[in-house]
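See structure below.
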Amino acid sequence: MKMQKLLLGCLLAGVGLLAVACSNVNDAGGSDNSGVTEAVSPSASPTPTTETTSTPTPTPDDMPPIYDVPEAESVIGTRLCERYQGYFTVGTCVNSTTLNHPRIEKLILEQFNTVTCENETKPDALLNQSACVAKNDVVVMFPQRTIAILDWAQEHNLKVRGHVLVWHSQTPDWFFKDGFKNDGTLVSREVMLQRMESYIRQVLEYCNTNYPGLFTAWDVVNEAFEDGSGEYRNSYWYQIVGEDFIRYAFEYARKYAAEDTKLFYNDFNCYIDSKNNAIRKVVEELIELDLIDGVGMQSHLDVDFPSVGDYIRTVERFSEMGIEVQITELDVTTTGSDEASFEKQGDYYDRLFQFLIAYEKMGSSNVTGLTIWGVADNYSWRSSQYPLLFDAMLQPKPAYYGVLQQAQ
Ligand code: G3I
């Protein structure tokens, strides 16, 4: 084991970081699409030990329970969730549109064993303004489009990652204002904490009551830190409550979540030191209070940023904190849809998964779940950069075979 780690460590360390002109890779990882320029080193991605394409050998039995691979009709024949059974669950995000597309639904059921609602369990979907105004209190209502997805997941024995309770985006401004009115003034810290607790309680109690055992995880807080500086994002949550809005969110989530629901802090660009340090500092505090179970690395990547080496070292840094890591929104953009671009993208996915498995086998990481942020390129939030595993015709791309670590 030590020799393996040493060898891999040398591979990683020995690769020179070729400081090249900062790429203008605009990491659109978050909702504000803030650009990130970063010294990239295309050749810095190490070549890991080759991974056999057979079903992986079982990992240490201290792994958290790995969910079953539900029965499903064969579409392609190979199944991503089966390929990584024993390592981590493999999921995708779904929305009302993709779920009502019969061929996409079949593909999801064959390939994945967990799903995340792309938008349907966010505050702007669950908060009902007219009811809040009428009651002058927080009113959460799960709309039919959300219920349809959760019913479908339950019916097909898929598990669900809850996304997201406390976020600066897709949370209506009126939620922070007097009387829940669009033109109200911002409420006090005390009122906002009461609203936060009420929102979290209503969402989690609804899920516990109507979907017992369905939600294996919730992203409790999303994207609380700025990219470059690692400072707190100047959201209404931060402005009204202060830095401890994160602790309160996890306190309320722990209070109302089911025992077996894991609580995550979720963010993008976690491999940038200033942000990584800020995240690890708050996560340390939450670990001390036993309020957090893991970190979600969104992982909105590009074939040229970050290097697989930098990425896997970030997975290791979070894992070393003794918590779970979940890759929550993986996609890898590419410059074009020509064969060469898709081959390069497939190679990036292949190396990424080789390293993920190598580190799991060495016990250097603790990845328990992985979600690809969508199925087909044309439905992706980054559709113009073809980031996913299937093309618009639902044909598997080299990226799919890269994830499988199988020759196409
Ligand atoms: O529902 C409205 C529809 O009524 C309206 O006609 C239409 C046109 O304006 O907009 C629809 O809302 C869109 C929503 O997706 C549902 O489709 C929003 O405009 C659009 O901005 C929103 O985009 C989502 C984005 O989050 C918003 O920040 C993407 O689908 C979703 O993939 C993306 O996911 C986020 C994660 O939640 C957090 N991490 C970053 C990731 C990418 O931003």
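The values are calculated or read from the model by the stated rules, or taken from the named source; none is laboratory data. Predicted model only: the values in this text are computed from it and were never measured. Backbone-built Cβ (ideal geometry, glycine too); neighbour counts: all protein chains shown.
The table below lists the values:
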{"read-out": "Residue count for the range 217-230, restricted to those that are assigned to a loop (DSSP other than H, G, I, E, B), within 16 Å of the ligand (Cβ to nearest atom) and more than 22 Å from residue 117 (Cβ to Cβ)", "value": "2"}
{"read-out": "Matching residues in the range 358-373 - criterion: being in contact with a Ser or Thr (Cβ under 9 Å, 6 or more places away or on another chain) and of a type in the set (A, V, I, L, M)", "value": "358, 367, 370, 372"}
{"read-out": "Whichever residue in the range 115-140 is more than 16 Å from the ligand (Cβ to nearest atom) and either β-branched (Val, Ile, Thr) or surrounded by 14 or more Cβ atoms within 10 Å (Cβ to Cβ) (or both) and, among such residues, is farthest from residue 69 (Cα to Cα)", "value": "133"}
{"read-out": "Any hit, the range 291-303, residues being among the hydrophobic types (A, V, I, L, M, F, W, C), within 17 Å of the chain's Cα centre (by Cα), crowded, with 24+ Cβ neighbours inside 10 Å and away from the ligand (no atom under 16 Å from the Cβ)", "value": "yes"}
{"read-out": "Single match in 78, 92 (criterion: within 17 Å of residue 375 (Cβ to Cβ) and more than 15 Å from the ligand (Cβ to nearest atom))", "value": "78"}
{"read-out": "Enumeration of residues in the range 350-390 that are hydrophobic (A, V, I, L, M, F, W, C), out of contact with any Pro (no Cβ under 7 Å at 6 or more places or on another chain), away from the ligand (no atom under 13 Å from the Cβ) and farther than 17 Å from residue 297 by Cβ", "value": "362, 376"}
{"read-out": "Residue pairs meeting the criteria (Cβ under 6 Å; at least 6 apart or on separate chains; first under 19 Å from residue 243 (Cα atoms), in the range 166-177; second at pLDDT below 95)", "value": "169/31"}
{"read-out": "Elements of type helices (runs of 4 or more DSSP H) in the range 71-141, at least 1 residues being at pLDDT 95 or above and hydrophobic (A, V, I, L, M, F, W, C)", "value": "80-83, 102-111, 123-126, 129-135"}
{"read-out": "Residue list for the range 210-244, restricted to those being among the small types (Gly, Ala, Ser) and farther than 28 Å from residue 178 by Cβ", "value": "213, 217, 228, 229, 230"}
{"read-out": "Check on residue 82, among the charged types (D, E, K, R), in contact (Cβ under 8 Å) with a residue 24 or more places away in the chain and touching an Asp or Glu at 6+ places or on another chain (Cβ under 9 Å)", "value": "no"}
{"read-out": "Residue in the range 85-106 that is among the small types (Gly, Ala, Ser), surrounded by fewer than 23 Cβ atoms within 10 Å (Cβ to Cβ) and within 26 Å of residue 367 (Cα to Cα) present", "value": "yes"}
{"read-out": "Enumeration of residues in the range 262-290 that are β-branched (Val, Ile, Thr) and either surrounded by 24 or more Cβ atoms within 10 Å (Cβ to Cβ) or within 16 Å of the ligand (Cβ to nearest atom) (or both)", "value": "272, 279"}
{"read-out": "Total residues in the range 176-212, condition assigned to a helix (DSSP H, G or I) and more than 16 Å from the ligand (Cβ to nearest atom)", "value": "25"}
{"read-out": "Of the criteria (1) in a loop (DSSP other than H, G, I, E, B); (2) within 16 Å of the ligand (Cβ to nearest atom); (3) not charged (D, E, K, R), which one residue 146 fails", "value": "(1)"}
